[in-house]
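Note sheet for the following structure.
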Amino acid sequence: MHVVVGVNGSGRSAVLGAVAAAATTVHAGSVTDAPSGATVLVDDAHLLPDHRVDEIAAAATRSDITLVLATAPRRYDART
């Protein structure tokens, strides 16, 4: 799993765009059904509901996909 962290306007989405352009297989669906060998891009992860974050956390354990997540910095995680 690769994480891109930056404030709004810093170019997080542009980095994901560059990754998408370089990847051979980008999966556009849910991270839960990503096929083996796919690159999965998640933009604005800081805006996702908890259940989607949990799905991404579970997918982060997969060694058969490349997961790239972009998010804004957080001061704390209320779930901990």
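Each Lys or Arg adds one and each Asp or Glu subtracts one; over the other residues with Cβ under 14 Å from the Cβ of residue 58, this totals -3. Here the stretch 34-79 has an Rg and Dmax of 11.4, 34 Å, counting Cα atoms alone. Counting Lys and Arg as +1 and Asp and Glu as -1 over every other residue whose Cβ lies under 13 Å from the Cβ of residue 31, the net charge comes to -3.
State in Å² the accessible area per residue of the stretch 5-80; use a 1.4 Å probe, count heavy atoms of protein chains only, and round to the nearest integer.
On the way: 4680 Å² over 76 residues.
Accessible surface, normalised per residue, equals 62 Å².
With an 8 Å Cα cut-off and a minimum separation of 6 or more residues, compute the relative contact order for the chain in percent. Could you put the intermediate results ahead of the total?
On the way: 111 pairs, mean separation 33.8, N = 80.
After rounding, I find 42 percent.
Charge tally around residue 7: other residues with Cβ under 15 Å, Lys/Arg +1 each, Asp/Glu -1 each, net +1. Annotation: amide H of residue 26 within the under-5 Å range of 39, sequence separation 5 or more or interchain, hydrogens built in the peptide plane. Using the rule -39500 (n - 2.57) for each DSSP H run of four or more residues, divided by the residues of the chain, the 222 nm mean residue ellipticity is -8000 deg cm²/dmol.
Round to the nearest 0.05 the FRET efficiency obtained for residue 30 and residue 72 when R0 = 22 Å and r is the Cβ-Cβ distance. Don't skip to the end; give the middle numbers.
Numbers: r = 22 Å, r/R0 = 1.00.
Given R0 = 22 Å and the Cβ-Cβ separation, E is 0.50.
Of the solvent-accessible surface of the chain, computed with a 1.4 Å probe and all protein chains present, 54% belongs to carbon and sulfur. For a label point 7 Å from the Cα of residue 61 along Cα→C-beta, name the residues of the stretch 21-37 whose backbone N is under 20 Å from it. So the set is 30-37.
Across the chain, the convex hull enclosing all Cα atoms gives 89 Å³ per residue.
The values are calculated or read from the model by the stated rules, or taken from the named source; none is laboratory data. These numbers were taken from a predicted model, which means no experiment stands behind them. Counting neighbours? That spans all protein chains shown, and the Cβs are built from the backbone with ideal geometry, glycine included. These area figures cover heavy atoms from the full protein model, side chains too; ligands, DNA and RNA do not enter into them. Shrake-Rupley method; radii C 1.70, N 1.55, O 1.52, S 1.80 Å.
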